[in-house]
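Worksheet for the structure shown next.
The values are calculated or read from the model by the stated rules, or taken from the named source; none is laboratory data. Only a predicted model underlies this, so the values are computations on that prediction, with no experimental measurement involved. Cβ sites come from the backbone with ideal geometry, for glycine too, and all protein chains shown count toward neighbours.
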Amino acid sequence: MYTYSLLPDGNELFKPRPGFKKQRFGFNTFFLETGFVFGHYEAIKYSLNYDLVMQTGENNALSLRIGYEMVKGSNYNKNNIPLFVNLLIGKKNMLELYGGAFLDLTNNKLNPVFGTGFRHQNPKGGFFYKIAVFMTTEREDNPITGVEEKKIWMYGPTLGLGWSF
């Protein structure tokens, strides 16, 4: 009796990409990221992040990111938890497309974010860096009534440095 499966053989699912000793499923990265925020206000942002890469193909991968971020401006301060899903296209030097949300701990809001950039991440581990641009929106509420008055678009460049293992 013949059975057909849409999934590859279990041994092939987690097989490392050709030319690399380490498979990318369960590949960990810790990194620091800093950047500028422009739009309704100007600020500097800093974050500490954890990223888990999961191989989805020979030339692409998905990763999940979580972290803690501080945004500091002249009269604006807030704390966020970034929650992102990244699509990585390439083997070592990759195009990164991401989307997700910032959980705004200061105002108890969830703000959507998306972006793109360049990421260098050797599948064998070691030094990691990325350069990206992001765009997000925040809701501005009336401080007296608490009613949402408008959406504010924010954008800016970021630079991340870290270590993969």
Exercise. Look through LEU97, LEU159 and report the one residue that is in a strand (DSSP E or B), aliphatic (A, V, I, L, M) and without any contact (Cβ under 8 Å) to a residue 24 or more places away in the chain.
Key: LEU97
Self-check item: Looking only at the range 64-87, and only at residues there that are in a strand (DSSP E or B), more than 8 Å from the chain's Cα centre (by Cα) and polar (S, T, N, Q), the one that is surrounded by the most Cβ atoms within 10 Å (Cβ to Cβ)
Solution: ASN80
Quiz item: From the residues in the range 88-98 that are surrounded by 14 or more Cβ atoms within 10 Å (Cβ to Cβ), more than 19 Å from PHE30 (Cβ to Cβ) and not hydrophobic (A, V, I, L, M, F, W, C), which one is modelled with the lowest pLDDT?
Solution: LYS91
Self-check item: Cβ-Cβ under 7 Å pairs, at least 6 apart or on other chains, the range 125-152 side on the phi < 0 side of the Ramachandran plot and among the small types (Gly, Ala, Ser), far side modelled with pLDDT of 95 or more and in a strand (DSSP E or B)
Solution: ALA132/GLU96; ALA132/GLY115; ALA132/THR116; ALA132/GLY117; ALA132/THR158
Self-check item: Some residue of the range 63-80 being basic (Lys, Arg) and within 18 Å of PHE31 (Cα to Cα)
Solution: yes
Quiz item: Taking PRO112 and the conditions (1) at pLDDT below 90; (2) under 30 Å from GLU140 (Cβ atoms); (3) surrounded by fewer than 15 Cβ atoms within 10 Å (Cβ to Cβ), which numbered condition does it fall short on, given that it satisfies the others?
Solution: (1)
Practice problem: Output the qualifying pairs, or none if there are none: Cβ atoms under 7 angstrom, residues six or more apart or on different chains, first residue in the range 74-87 and free of Cβ contacts under 8 Å to residues at least 40 places away in the same chain and at negative phi, second residue of a type in the set (Ser, Thr, Tyr) and surrounded by fewer than 16 Cβ atoms within 10 Å (Cβ to Cβ). | Solution: TYR76/TYR41; LYS78/THR106; ASN79/THR106; ILE81/TYR68
Exercise. Search the range 42-63 for residues that are touching a residue at least 24 places away in the same chain (Cβ under 8 Å) and closer than 23 Å to PRO123 by Cβ and pair each with any residue that is crowded, with 20+ Cβ neighbours inside 10 Å and of a type in the set (Asp, Glu) when their beta-carbon atoms are under 7 Å apart and the residues are at least 6 apart or on different chains.
Key: ASN49/GLU33; SER63/ASP51
